[in-house]
Structures are given as C-alpha cells and as structure tokens.
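The numbers here are math on the coordinates, done by the rules we state, and not lab data. Just so it is clear, the model here is predicted, and its values are computed rather than measured. Neighbour counts are summed over all protein chains in view; Cβ atoms, including those assigned to glycine, are modelled from backbone coordinates with ideal geometry.
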Amino acid sequence: MNLSDSKRGILAVAGSSLTVFWPGALVFGFPGVMGPYWQKTFHVGRGAIGNTLFFVLAALGIFMFFVGRWQEKFGIRKMMTFGATLCGLNVLVIACASNLTMLYLWAFITGTASCFIYIPGVTCVQRWYPERRGLASGIFNLTFGISAAIMSPIFRWMLESVGYFYMNVTVAILALVTGIIAGQFTEGPERIASHQPSSSPAQSKPPFKEIRSLNVRESLATRSFWFLWLTWAFQGAAGIAMVTLSTAFGLSRGFPMESAVVILTAFNITNGFGRIVMGYLSDRIARNLAMSLTFLAAGLAYLLLPHLRGLTVIAILAAVVGFGFGTLFAVSAPLAADCFGLNHFGAILGLIFTAYGFISGLLGPSLSGYLLDITAGNFVIVFSYLGLFCFLSGIFIRFVVPPNVNN
C-alpha cells in the first residue's frame, strides 16, 4: 500500500466510523433514555416499549442480506450515503410521533438505515486492512457502540432543556450533515483501483490475498455458519435487552433518572471500547476463544445483577454485559471473514444477522418487557434467562472454526 493508498485507507476507516455514529446512538442509546418518556406519552407498559427494538432488529433481519448483495452492485459509498440520509430524515418521524404505530415505524426505518451503513462499513474497513481486520473492525464498531455512551446523557439533557420536538430536530440535522459528509470517504480499495490507470502492476494487484472465499450456498452448508447464527440469536438477545432494561432496572432500584442513565452509559462505554480492545486482541489470539470468555463473563454478570443494589456495582456489571455485546459485534465480522472469505462477505454476514433481526428482538427486549409487566417487575426471572443465553453463546461460539481452505 503506497502513501496515497494509506491515506485513503485511513480516511475510509474514519469516514465509515463517523457515518455509523448516529445509527449507533439512536439504536443503543435513544430507546433507553426515551423509554420512560414514551411510556408516559403513549400510556403503555415496558413490553410495548421493548417492541421498539424488535422492530429495529426485524429491519436488520430483512435488509442485511439484501444490502450485502446490493453493495456489490452499487458500491459502498452510495449505500452508506443513502443510509445516512435515511437515518437523519427518519428522526423527524419520531419528533412528530403521536402513537405507537409511528414509534414502531421510526424504529423499523432506523434499523433499515443501519443496514445500509453497517454492512458496507464493516466490509470497507476490512478490505482496506485485511491483515488487521480485527483491529479495523474494532475501530469501526467502537464508534457504533460508544456513540450511545456519549449521547445518552446528552439526550437526557436535551429532553429536559429544549424539549422533545426540538431535541429531535437538532439530532436530525446533525445526523444528516455528519453522515452525508463522512459517507463520501467510504469507497473500498477495489473501486478506487478500478478508476486508476492500469499501467502499473502494483495498481492492478488485488488489495489482499485470502483463503478461497465461499459463496452463500457453500457457507450455509458449514457447521460454523449455523453456530455463529445461534450465537447471534442468543448473545444478541442478551446484549440488546440491556438497552431498555438498564434504565428500567435503575428506576426499580429507586435511583433517579439521571442515575439510572449511568447504568445505560456504563453498558455503552464497554459496548464501545470493548469492540476495539477485543478486535485488536482477536488478531493475536483465537477469535472464538476471546468471544467465549466475554460471553461467559456477561452471563455471570446477569445472574448477579438482580441481587445487588449499589449503583456502582450495578454499573460495573452492566459494563461487563456491554463488553460481551461489543465483542459480539467486533469479532464476529473478522471471524466470519476467516471462515468464509471476503468475496461474498456482505451477503453471508447479512444472513447471519437474520438471527439478530428475527430472534434476538423477540427473546430480548420484547419478551423481557412483557415478563416484567406480568411479574410486577421481577428482574430475577428476566436476568436469569438472559444470563443463560450468554452461557449458551459461550459454548456455541467455540464450534465456529475457520476451515483449512487455501487458494
């Protein structure tokens, strides 16, 4: 990679990371902060608010695969720019929401916009840095996760200081401007090479050398695909559930809202920083082992959570859950690339995300919310079954092993 290519790679990682900032804040932070407000406004229980994340994830399940296919035709930059535009404009929907239907519509479109940003973005950074794809994926995923830790306290402050409507209008403008500008730097190396003169052999050389890439049908025939799919179904449910449960749990312990948000912030800090830490480490140790250890730790944290009352220790345990969730995002992408190659990476990862989209939302935020409603807020039951999901994921991921396939 020459100096010019090096600069382009850095800009691509930076642009991809900035583009995914607002989708991360809106998915991982906004429902947790706004949940109590939506409950009062729409006169509904926790289950109905938990369904918000179900609709976010359902959109991921529907569109991730198609986005993986479309990016091969239209290119990464166009896909991410479209996603950023959709994400920003969609905030205006929630600004005017007057019923649950509009809330769920906002959630579904937010999930859809995230698809157009996440799959192309994680593909882009790994193609620029194939020999350090764990680190590259970790940097990209860091922004996706840490954005909610940054914005959750700001969302709460804006809600109290400028009101719900003007807060959303401000966020919509910021998301549009940031996403559209950053999205222009996200083209992959193969697209840039195709527009350069081919007189130099170095310019026509493939940007990386990989194991033989499997196509979608070949990937579906492997054990690794299905165990990674199951891991996303269960660990995804356990992780995403904390987005809505964190503040609800804090309020149930008698903490004021500003303290309850600390639990959500702690979760999102490690959800963010855990991605770059584990992404970096996964380039040096077995990726499935690294994931397994963090999932088992998250399971133990879930089992301990309902039996403790101090804000500090609760925030620490929520952070352990967030670390496992961040690891799921950061390390799954390079592990999938190890197993299946990068030629059809977007489509294959999109199929893996169907577990997260169609299963995790139901088993995580939706089911936990309804269980809390019918058990008068019994977090022991909810946190226990989410902890079990983490333990199962810690076992499943050990069966995801790259095949010994060479070019």
What angle do you read, to the nearest 10 degrees and between 0 and 90, between the alpha-carbon axis of helix 30-42 and the longest principal axis of the chain?
40 degrees
Expressed as a whole-number percentage, the relative contact order of the chain with C-alpha contacts under 8 angstrom and at least six residues apart is 29 percent
Between 0 and 90 degrees, rounded to the nearest ten: what's the tilt of helix 3-19 against the longest Cα principal axis of the chain?
20 degrees
In terms of the Cα gyration tensor, with a ≥ b ≥ c the square roots of its eigenvalues, is the range 83-200 rounded because a/c is under 1.5, prolate because a/b exceeds b/c, or oblate?
prolate
Mean Cβ count within 10 Å, highest first, over the residues of peptides 44-54, 163-173
44-54, 163-173
Return the whole-Å distance between the Cα centroid of the range 227-251 and the Cα centroid of the range 62-95.
24 Å
Per residue of the chain, what 222 nm ellipticity follows from adding -39500 (n - 2.57) for every DSSP H run with n ≥ 4, rounded to the nearest 500?
-26500 deg cm²/dmol
What ratio of Cα Rg to 2.2 N^0.38 Å holds for the range 1-152?
1.12
First check a/c for the range 257-304, with a ≥ b ≥ c the square roots of the eigenvalues of its C-alpha gyration tensor; if it is under 1.5, answer rounded, and if not, answer prolate when a/b is larger than b/c or oblate otherwise.
oblate
What base-10 log of the normalised intensity I(q)/I(0) is obtained for the chain from the Debye formula, alpha carbons as equal point scatterers, at q = 0.10, 0.11 Å⁻¹?
-0.60, -0.73
Angle check, please: helix 76-95 long axis (alpha carbons) against the longest principal axis of the chain (alpha carbons), in degrees 0 to 90, nearest 10.
20 degrees
Distance from the range 257-276 to the range 137-151 (C-alpha centre basis), Å
11 Å
